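Notes for the one structure printed next.
The values are calculated or read from the model by the stated rules, or taken from the named source; none is laboratory data. Computed from a predicted model, the values in this text were never measured in an experiment. As a convention, Cβ positions derive from the backbone with ideal geometry for all residues, glycine included, and neighbour counts pool all protein chains shown. Just so you know, the surface numbers come from the protein's heavy atoms only, side chains and all, with ligands and any DNA or RNA stripped out. Shrake-Rupley method; radii C 1.70, N 1.55, O 1.52, S 1.80 Å.
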Amino acid sequence: LFRSPLTLVIAADFGFTSGKFNGSSISVFSRHPLSASDPVHELAVVGGRGKFRMARGFAERWPHYLNATAGDAVTE
């Protein structure tokens with residue numbers, strides 16, 4: 001029987017509300033196993049709007065705090 005560690009699915013759309021990217025956004029989507037011990041996690045950039053239309057690549061996320069019981073997390 002295959003057992004997989006508990007995994008989070010992260011989907012986010014980061015919108016810009018001022019400056020030269022005002023009205024644009026960038027979208028990321030990825031999975032993150034909770035058992036991973038790497039200090040940096042890669043998220044897939046899957047698109048965007050405005051200046052980021054058709055964006056592709058990756059973004060990095062650094063976890064600072066996670067409380068799985070309360071469902072709280074702080075990342076950079």
Pull up the range 60-76, narrow it to residues that are touching a Leu at 6+ places or on another chain (Cβ under 9 Å) and not polar (S, T, N, Q), then point me to the one that is least open to solvent (accessible area, probe 1.4 Å).
-> Arg61
Hits in the range 37-54 (condition: more than 11 Å from the chain's Cα centre (by Cα), open to solvent by less than 80 Å² (accessible area, probe 1.4 Å) and hydrophobic (A, V, I, L, M, F, W, C)) | Val40, Phe52
Being over 19 Å from Arg56 (Cα atoms) and at pLDDT 90 or above is the filter; apply it to the range 1-36 and report the residue that is least open to solvent (accessible area, probe 1.4 Å).
-> Gly19
Test Gly57 against the stated conditions and say whether it is more than 16 Å from Val9 (Cα to Cα) and surrounded by 15 or more Cβ atoms within 10 Å (Cβ to Cβ).
-> no
Strands (runs of 3 or more DSSP E) lying entirely in the range 14-76 (those with 2 or more residues that are touching a Ser or Thr at 6+ places or on another chain (Cβ under 7 Å) and within 30 Å of Arg3 (Cβ to Cβ)) = 25-33, 41-49, 63-67
Which of the residues spanning the range 32-54 are more than 15 Å from Val9 (Cα to Cα) and of a type outside the set (Gly, Ala, Ser)?
-> Asp38, Pro39, Val40, Arg49, Lys51, Phe52, Arg53, Met54
